[in-house]
Amino acid sequence: MKKVLLALALAAAAFPAAAQSPVITVKESPRWGSFQVSISPYSPNIDSEFAAGSLQPYATVFGTGRPLMVQALFNKSLWITEFGTLDLGVGAGYWEAWGQGVYFSGTTIVRGGTTSIMLIPIQAQVSYRWEWFYERFEIPLEPYVRFAIVDTIWSTSGQNGVSSWTTADGTIQRGSGATFGWSTTLGLALVLDFFDTGLSRQMDYDVGINRTLLFFDFTRSSINDFGAKNSWQLAPSYWAWSIGLQFVF
Amino acid sequence: MAGPGLAESRPMLRRASLLLLLLPGFALGQTQTGTVTAFATSQGVIGLANRADCASTTSTATWAITTTGITLTAGDKWRLSTSSGACSSTVPTTFLNDVLATSTNQSIPGVFVQGMGTEGSVSCTGANDQPVNLCVYYLPGGTIPSNPLVFTGTFNFQTAIPPAPNLNSSSPGDAQLSINVTSGTETATERAVTGLTFTITCTPPAGGTARTATGNAGNIVCNGLINGTAYTVTGVARSPAGNLGAVSAQLGPSDATTPLPFVDFWTVYKLSNGVETGGCGTGGAGTVAPTLALLGLLLARRRRS
């Protein structure tokens with residue numbers, strides 16, 4: 001655990017620290033797992049439940065932009081072979097979109113006030129990173145796949161804090177909750193160690209980071225309580241791309 | 001020769017060193033130190049008065065004298081005065097008050113602020129702030145000594161006024177307007193531009209009740225407005241001591257100053273008959289959550305064993 005915390009804390013500062021230290025030629029340290037951070041343009045497909053031509057609530061309020069989602073995943077390596085690594089982990093992200101409230105004046109929409117929707121996806125994932133190309137042929141590319149079960153905590157707010165809606169029978173429906181779903185990811189990582197093996201060894205010696213990867217992937221997901229009839233769709237309608245850094249330690 | 005001579009001089013050196021060590025302590029016993037502060041009753045902070053305090057014939061301040069090294073006897077007095085420059089080393093013959101010295105940490109209420117300004121040659125309409133020195137002279141037995149002790153402090157007559165603020169924009173909400181406010185530009189007669197607070201007034205057409213809101217630079221929200229009414233918005237800045245500046249140019253009446261019953265995203269979604277009902281996951285998720293929890297528990301138990 002100590003090793004993990006140390007690696008997280010020093011990850012950002014690792015490059016300059018390593019650059020100033022003498023070259024180390026010791027054996028690679030044993031691997032434990034990995035930590036990664038990523039950013040991804042994101043837009044939930046909430047409007048999917050509304051027929052084309054009718055009012056699309058999400059697009060009407062928040063437009064068609066895709067604010068960035070920030071995510072961090074933490075993995076424990078369960079099975080490390082010469083072909084690749086099987087990881088099991090957890091992760092969390094944060095995303096928020098801001099828009100203006102609307103007022104329907106006949107057929108005209110007047111905008112004013114502020115409203116927002118916030119998502120905090122929490123996930124448990126299993127992934128496999130194929131390291132054979134790099135280990136065997138020193139080709140610095142590692143394809144990977146990941147499958148995750150996601151619980152997205154969400155909250156909508158307006159002028160007076162968290163939103164609420166009162167139904168015809170007087171039931172109050174608060175604009176916050178949690179929605180389950182799944183996601184699957186296909187990605188390709190570039191092994192940065194390939195470009196400076198000396199620095200890579202130094203990082204391993206200094207902070208225990210065995211490998212640094214720059215990755216790019218596509219994720220397809222569905223977050224609608226596995227099709228429950230009273231759940232909205234918080235996943236994007238498309239394969240969402242993301243880019244980030246992974247530190248294997 | 002050098003050896004024995006040095007040896008003989010050692011006891012003498014020790015005695016001299018001891019004396020030198022004792023000297024500062026002796027000197028400290030003789031030192032009288034002290035500070036003076038003044039708190040205008042109308043202000044929330046020590047050492048500050050505004051234009052109104054300066055011109056008022058009733059506004060008072062409380063002086064606080066804190067001294068050490070003085071042993072008071074009956075009949076001792078404090079002489080209170082102010083000065084635009086450094087406190088004089090001679091006891092002034094024109095002064096604010098002579099007060100019986102009853103304590104080395106004494107609080108003296110009821111000192112007229114106007115007098116403090118007059119003594120300190122303050123112009124209550126000056127464009128710039130005017131600091132004065134507070135001077136308290138110790139009069140043993142109530143008489144002027146040949147070598148008087150004076151304790152000092154500072155006090156600021158904040159006479160600078162702020163310029164009219166800029167009302168940059170208005171964003172309407174449900175029964176409210178959010179007004180973006182920044183400080184106006186400093187002029188020769190309006191020099192207060194930092195630490196300001198702003199009061200926004202939202203006035204409906206004739207006959208309605210105006211609403212005010214106060215805040216720092218940025219967005220200030222006028223609440224409790226009537227939806228569908230076009231308001232006229234004005235603002236005024238106030239210096240930290242409370243000097244009011246000129247009223248800003250007005251904003252509106254316009255669409256931007258007309259609050260409307262805007263609805264938030266959740267309401268738009270529900271008005272469109274959205275199916276989500278809020279709360280925690282349902283349907284298939286109801287089985288997934290306990291399954292995940294069970295898996296986690298099993299993994300943890302396996303690791304322990």
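Coordinate-derived values only; no laboratory data. Treat the numbers as computed from the prediction; the structure is a model and nothing was measured. All Cβ positions, even for glycine, are placed from backbone atoms using ideal geometry, and neighbour counts span all protein chains on display.
Close amide H pairs (under 5 Å, H built 1.01 Å from N) link B:VAL221 with B:ILE179, residues at least 5 positions away or on another chain. Couplings 3J(HN,Hα) for the stretch A:129-146, derived from phi with the Karplus relation 6.51 cos²θ - 1.76 cosθ + 1.60 (θ = phi - 60°), are 10, 8, 9, 4, 4, 7, 5, 8, 10, 6, 8, x, 10, 10, x, 8, 10, 8 Hz, where x marks Gly and Pro. Here the alpha carbons of chain A define both size measures, Rg and Dmax, at 22.0, 75 Å. Sequentially through the stretch B:41-46, phi angles give Karplus couplings (6.51, -1.76, 1.60; θ = phi - 60°) of 4, 6, 9, x, 10, 6 Hz, Gly and Pro residues having no value and appearing as x. Residues whose amide H comes within less than 5 Å of that of A:GLY33, counting only those at least five positions distant or on another chain, are A:SER77, A:PHE249 (H built at 1.01 Å from N in the peptide plane).
For the pair A:GLU135 and A:LEU190 in one chain, pulling the backbone fully straight at 0.36 nm per residue adds 18.5 nm over the alpha carbon distance. Helical content alone sets the calculated 222 nm signal of the protein assembly as shown at -6000 deg cm²/dmol, taking -39,500 (n - 2.57) per DSSP H segment of four or more residues and averaging over every residue.
For a 4.7 Å threshold on C-beta separation, the list of partnerless cysteines in the protein assembly as shown reads B:CYS280. Taking the dipole about the Cα centre of the stretch A:2-248, with the C-beta of Lys and Arg at +1 and of Asp and Glu at -1, give me whichever of A:PHE133, A:ALA52, A:TYR144 is farthest to the positive side. Farthest along the dipole direction, towards plus: A:ALA52.
In this structure the amide hydrogen of B:GLY279, modeled in the peptide plane, comes within under 5 Å of the amide hydrogens of A:SER176, A:GLY177, A:ALA178, none closer than 5 places in sequence on its chain.
Estimate the FRET efficiency between A:PHE218 and B:ASN223 by the formula 1/(1 + (r/R0)^6), using the beta-carbon distance for r and 45 Å for R0, to the nearest 0.05. Step by step, r from the Cβ atoms, then E = 0.45.
Residues A:MET203, A:MET69, A:MET118, ranked from the fewest to the most other C-beta atoms within 10 Å, line up as A:MET118, A:MET69, A:MET203.
Shape class for the protein assembly as shown: oblate, because the ratio a/c of the largest to smallest gyration tensor axis (alpha-carbon atoms, square roots of eigenvalues) is 1.5 or more and b/c is at least a/b.
Sequentially through the stretch A:58-71, phi angles give Karplus couplings (6.51, -1.76, 1.60; θ = phi - 60°) of 5, 5, 5, 8, 9, x, 10, x, 10, x, 7, 9, 9, 9 Hz, Gly and Pro residues having no value and appearing as x.
For the peptides A:138-147, B:202-211, the ranking by packing is A:138-147, B:202-211, with the highest mean count of neighbouring Cβ atoms within 10 Å listed first. Is the stretch A:151-234 best put as rounded, prolate or oblate by its Cα gyration tensor, with a ≥ b ≥ c the root eigenvalues, rounded for a/c under 1.5, and otherwise prolate when a/b is larger than b/c, oblate when not? Prolate. Only lysine pairs 8 or more places apart, or on different chains, with alpha-carbon atoms under 18 angstrom apart are counted in the protein assembly as shown, and they number 4. Extending 7 Å from Cα along the Cβ direction at B:SER123 and again at A:SER29 yields two label points whose distance is 7.2 nm. Compute the Cα gyration tensor for the stretch B:166-257, then decide on rounded, prolate or oblate, letting a ≥ b ≥ c be the square roots of its eigenvalues: rounded whenever a/c is under 1.5, prolate when a/b is larger than b/c in the other cases, and oblate in all that remain. Prolate is the answer for the stretch B:166-257, as a/c is 1.5 or above and a/b outweighs b/c.
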